[in-house]
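Take a look at the structure set out below.
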Amino acid sequence: ASKNSGRNRFAWFDMSMERELQARNELEVGLRGAIPRQEIVPYFEQQIDLTTGRLGGFEMLARWEHPQRGLIGPEIFIPIAEETGMIADLSLSIMRQAFLAAKDWDPALSISVNISPWQLKDAWLAQKIIKVLTETGFPATRLEVEITESSLFDNLALAQSIVGSLKNQGIRLALDDFGTGYSSLAHLRALPFDRIKIDKSFIMSINDNAESAAIVNAITRLGDSLNLPITAEGIEDAVTEERLRALGCSKGQGYLYGRPMSIANTRRLLAEKRLLLQPGAQKAARKE
Ligand code: C2E
Ligand code: MG
Ligand code: MG
Ligand code: MG
C-alpha cells in the first residue's frame, strides 16, 4: 500500500522527529525561565530510621510546577538542564528553597540532595553549596549529598577535591543507586562515602526475585564489612520493610511511608508529628 511506501515512511519519520525536537526545544526555553521564577521546587521524600521507625529526614527531589502542564518529574527536565548547563542554577535554587523551608523543622532532621555528574565537573561546586548553607543558616552537618556511580567516571581527581571540601564542612556523602549502572566496587574506595543506597529496582523485586534478594543480601554484608550504613530505597510494603530491617539496613524510603511531598505538605506532616519548632524556639535555635 502507498501508506507503507518508503517516501511516506520517511516523511512521517521526519515529521515526528521534528515534533520531538520542537517539544524538547519548548521545554528548554521554558526551563530557562522556570528556574528564576522558582517553578522548579523541592519535594521531600521521608527517610525512616528502620531501627526506631522514626522519621530521620528527607531526600529532596526536584519537581517542575508547570503553570500549564502541571507537575513534571525530574526524568524529563534534569537531562535537559544537564545538557544545557542549567543544572547548577537549578540545583542551587531548589537547595536554597529547601534550606529556607527547613528553618522551622526539628533540628534533628537531615536533608539529602542529589548531585548530577555534570556538577562534579565544576571546581567551585563545593563553595557554591557552602555559600547557600551559610546564606540560609542550614547546618552543613544536616546535609547529605547523593552521587550516582556513573558520576565518578569523568574526572576522579576533581570529584575527590570537591568531595573533600564538602566533607571538611561536615557534609555527608552517599553513593546512590548502588548495584546499577557503572557499578564497580572500586568506586567505594575512590571517594570517602558515609553511606550506600541500594537501588530501588532490587528492593522492589526482593520478594519475587531470588537474584534481587541475593544481591540485597550481598550489599548489606558488604556494608557491614566496610562499616558503611545502608539505605534501602523503593520500600512499598511492610513485608519488604521487615526483611530489610532484619538484614540490618539502617534507613528506608519508599511509597510505604508516602509519596514525595511539596514544602507545604511536608510542613503539615511535621506539624502532625510535632516536629516543627515553635516560633520562640526557632528564635532561640537561631541565636545559638
Ligand atoms: P533517586 O535519587 O534514586 O530518587 C529516587 C526516585 O525513586 C524518586 O523518583 C522517588 O520518587 C522514587 N521512589 C521512591 N520511593 C519509591 C517507591 O517506593 N516506589 C517507586 N516506584 N518509586 C519510588 P523521582 O523523584 O522521579 O526522581 C528520579 C531521579 O531523578 C532521582 O533518582 C534522581 O536521580 C533524579 N533527581 C531528582 N531530583 C534531582 C535533583 O535535584 N538533581 C539531580 N541531579 N537529580 C535529581
Ligand atoms: Mg537519590
Ligand atoms: Mg536512588
Ligand atoms: Mg535514580
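The values are calculated or read from the model by the stated rules, or taken from the named source; none is laboratory data. Not measured: the values here are computed from a predicted model. When we count neighbours, we look across all protein chains shown, and the Cβ atoms used for this are built from the backbone with ideal geometry, even at glycine. For accessibility, only protein heavy atoms count, side chains too; no ligands or nucleic acids. Shrake-Rupley method; radii C 1.70, N 1.55, O 1.52, S 1.80 Å.
Which one of Ile147, Ile129 is under 13 Å from Leu173 (Cβ atoms), within 16 Å of ligand 4 (Cβ to nearest atom), in contact with a helix residue (DSSP H, G or I) (Cβ under 9 Å, 6 or more places away or on another chain) and in contact (Cβ under 8 Å) with a residue 24 or more places away in the chain? Even if it seems obvious, please write down each step before you answer.
Values: Ile129 fails: within 16 Å of ligand 4 (Cβ to nearest atom).
Being under 13 Å from Leu173 (Cβ atoms), within 16 Å of ligand 4 (Cβ to nearest atom), in contact with a helix residue (DSSP H, G or I) (Cβ under 9 Å, 6 or more places away or on another chain) and in contact (Cβ under 8 Å) with a residue 24 or more places away in the chain holds for just one of Ile147, Ile129, which is Ile147.
Out of segment 37-62, which residues are touching a residue at least 12 places away in the same chain (Cβ under 8 Å), surrounded by fewer than 23 Cβ atoms within 10 Å (Cβ to Cβ) and more than 16 Å from ligand 3 (Cβ to nearest atom)?
Gln38, Glu39, Val41, Asp49, Thr51, Leu55, Gly56
Can you tell me which condition Lys128 does not meet? The list is (1) modelled with pLDDT of 95 or more; (2) open to solvent by 40 Å² or more (accessible area, probe 1.4 Å); (3) not in a helix (DSSP H, G or I), and all the others hold.
For Lys128, the exception is condition (3).
In segment 71-81, is there at least one residue being at pLDDT 95 or above, β-branched (Val, Ile, Thr), open to solvent by 90 Å² or more (accessible area, probe 1.4 Å) and over 26 Å from Asn265 (Cα atoms)?
No - not one qualifying residue is present in segment 71-81.
Keeping to segment 15-55, report how many residues are at pLDDT 95 or above, more than 15 Å from ligand 1 (Cβ to nearest atom) and not aliphatic (A, V, I, L, M).
Looking only at that region, the number is 11.
For segment 248-273, what are the residues that are open to solvent by 50 Å² or more (accessible area, probe 1.4 Å) and either in contact with a Ser or Thr (Cβ under 8 Å, 6 or more places away or on another chain) or within 16 Å of ligand 2 (Cβ to nearest atom) (or both)?
Gly248, Tyr255, Leu256, Arg259
State which residue pairs qualify: first residue of a type in the set (D, E, K, R) and inside segment 112-124, second residue away from ligand 3 (no atom under 16 Å from the Cβ) in any location, beta carbons under 7 Å apart, and separation of 6 or more residues or different chains.
Lys121/Asp154; Lys121/Asn155; Lys121/Leu158; Asp122/Ala88
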